[in-house]
């Protein structure tokens, strides 16, 4: 094959694999998509090996597509417990992302989020927190203030504060972060009801840990209202959650 033909084949392979491998979006899980992930995993890993061997210049204008595909892959590997494999792929993907896309790009922020998620599972909370903070900084600089990815970054920081920062400072930071999540979700026209419910629950949890019980109860009632509208049922999981606190 000529260099031009090889490049065209490379571009087609990337387009097909990126379209075929299941997508992970907005911090959601891929459990129902695991069979499809597994079906394409070997092909994506073989393609990634070719990228590493042939240098990032082969990616040309499709570097963002490659990075996002690898983020989907590493999220799947994290979900199935392949932590070391996920971290290794994230490291090599980050190197290419910084070289071709940029270290302050939204794609780099997604890599930081994925690595932070893996490290949190491994109880390396301080390392994870630094990565979540880097992702938040990038997203805050580049995204509108009602963007769902920005809300997700604040959520990750809020959970980090609750898990890792001792005492009142950690709780206060968590309350502020989860408050921002709720504010962003309410401003966005694309917020799903289940996402809004979880945002209220996270906010309520941080408020309860800070002994701000009145506001926590109000927050839980708002979550219940959203759930009632969504499920049209008076027997809600939010109510059960509240009763057992």
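None of the figures in this text is laboratory data; all of them are computed from the coordinates on show. From a predicted model like this one, the values you see are computed outputs, not experimental measurements. Note: ideal-geometry Cβ built from the backbone for every residue, glycine included; neighbour counts use all protein chains shown.
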*Considering only segment 163-189, how many residues are part of a helix (DSSP H, G or I) and either closer than 17 Å to residue 223 by Cβ or in contact with a helix residue (DSSP H, G or I) (Cβ under 7 Å, 6 or more places away or on another chain) (or both)?*
17
*Looking at (1) under 30 Å from residue 190 (Cβ atoms); (2) touching a helix residue (DSSP H, G or I) at 6+ places or on another chain (Cβ under 7 Å), which is the one condition that is false for residue 39?*
(2)
